Amino acid sequence: MASLTDSKLLAGLASPEINERVLYKVLTEGHYRKHVERVRNRLDRARDETRRTIERMGLSLFPGQHAGMYLWADTGRDTNAIAVAGHEEGYLFAPGSLFSPSQMPSGWMRFNVASSQDPAMLAFLARQLERR
């Protein structure tokens, strides 16, 4: 607690008492824990649904992805092309090349499970994958 107090004093010297009281209540009454549990449950459901959808499209998922906000899938084609076509249609995709030091084309794509439920985006992706 002393370390936390020192950090708080160094970072802001003083903050409005109302903010401190709200934070105290959130932490001590379990509101934050309950909120985190609700968000985690929603994320788990979204991940499971995205996983099923991606697998139905015939994509191979990277093994061992059981938590987190992202799923990695092998599309079997250059995901840069999918990302460019998606951008023209108003969709934002994360091709694997963005995560590579060499920035070389990749068949891997990262899916944000919280935003991968849009039926129009999924239909667009399915059409792109059919063009193999």
Next item on the list: Kindly list the number of the only condition in (1) modelled with pLDDT of 95 or more; (2) touching a helix residue (DSSP H, G or I) at 6+ places or on another chain (Cβ under 9 Å) that fails for Asn41.
Entry: (2)
Notebook entry, point to check: How many residues are touching a Ser or Thr at 6+ places or on another chain (Cβ under 9 Å) and among the acidic types (Asp, Glu) if we restrict to segment 1-58?
Noted result: 1
Item checked: Tally, over segment 121-130, of residues that are surrounded by fewer than 14 Cβ atoms within 10 Å (Cβ to Cβ) and in contact (Cβ under 8 Å) with a residue 40 or more places away in the chain -> 1
Next item on the list: Would you be able to say whether some residue in segment 72-79 is among the small types (Gly, Ala, Ser) and without any contact (Cβ under 8 Å) to a residue 40 or more places away in the chain?
Entry: yes
Note to self: For segment 72-90, check the following and say yes or no: at least one residue is closer than 17 Å to Ala46 by Cα and not small (Gly, Ala, Ser).
What the structure shows: yes
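The values are calculated or read from the model by the stated rules, or taken from the named source; none is laboratory data. Treat the numbers as computed from the prediction; the structure is a model and nothing was measured. As a convention, Cβ positions derive from the backbone with ideal geometry for all residues, glycine included, and neighbour counts pool all protein chains shown.
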